[in-house]
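Contents: one structure, followed by commentary.
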Amino acid sequence: MAAPKNVRLKADFDEWFPQGLYLVGEIVQVTEYQSQEDRARNRPVRPRIDEVTGLVLYRGTFADPSAEKDREKSFPVEFACAHQPVPPEAVAGLPFRPVVLEGMTVAPRAETSGQAKWITWTIRATGMTAPNAASGRSTASPTDATRRAAA
């Protein structure tokens, strides 16, 4: 049986990011590719639209402290929504903003580098909140979770 095109699997945030997730930088609108010819003709830059939902795409870079491999520590997350997502307020003393993704889905994607091949995941969401604002989310720090696991 072949998988349908553009398949997206619902994902549980706590399962994918047991130590939380952090926004690095800002959320920006994704735009369609514009060639030099298009720029020379002053064609307007158009926002990229999600194929499944028909909504405008936004993207941010996130860091996962629980990632084991360097290539998995930082990755983009795309947001398909009517308005640009607003990140939660910055926490004093932290260089990154802790967030919880809402409406998270994942889709597998094959990556290659020379002869090496592996599966990566395209992560999408419909929004984000602060960790304590999300209902049913633990407010324990990653070190608390590590102590519980060791006990």
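Any read-out appearing in this document is the output of simple, stated calculations on the displayed coordinates, not a laboratory observation. Keep in mind that this is a model prediction, so the values were computed, not measured. In this analysis, Cβ positions are derived from the backbone assuming ideal geometry, glycine residues included, and neighbour counts consider all displayed protein chains.
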Projected convex hull area of the chain, Cα atoms, direction-averaged, in nm², equals 13.4
Taking Cα pairs closer than 8 Å and at least 6 residues apart, the relative contact order of the chain in percent is 24
With -39,500 (n - 2.57) per DSSP H segment of 4 or more residues and division by the full residue count of the chain, the 222 nm estimate, nearest 500 deg cm²/dmol, is -2500 deg cm²/dmol
The simple spin-label model distance between A67 and D50, using points 7 Å out along Cα→Cβ, in nm, is 2.2
Restricting to lysines and to Cα separations under 16 Å from K117, and discarding same-chain partners fewer than 8 apart, the set is K69
The simple spin-label model distance between V86 and T120, using points 7 Å out along Cα→Cβ, in nm, is 3.2
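Length gain on complete extension for the stretch K10 to T112, per 0.36 nm per residue less the alpha carbon to alpha carbon distance? Could you put the intermediate results ahead of the total?
Values: separation 102, 0.36 × 102 = 36.72 nm, distance 2.51 nm.
Answer, rounded to one decimal: 34.2 nm.
About its Cα centre, how strong a charge dipole does the chain have in debye, to the nearest 20, once Lys and Arg get +1 and Asp and Glu get -1 at the Cβ?
280
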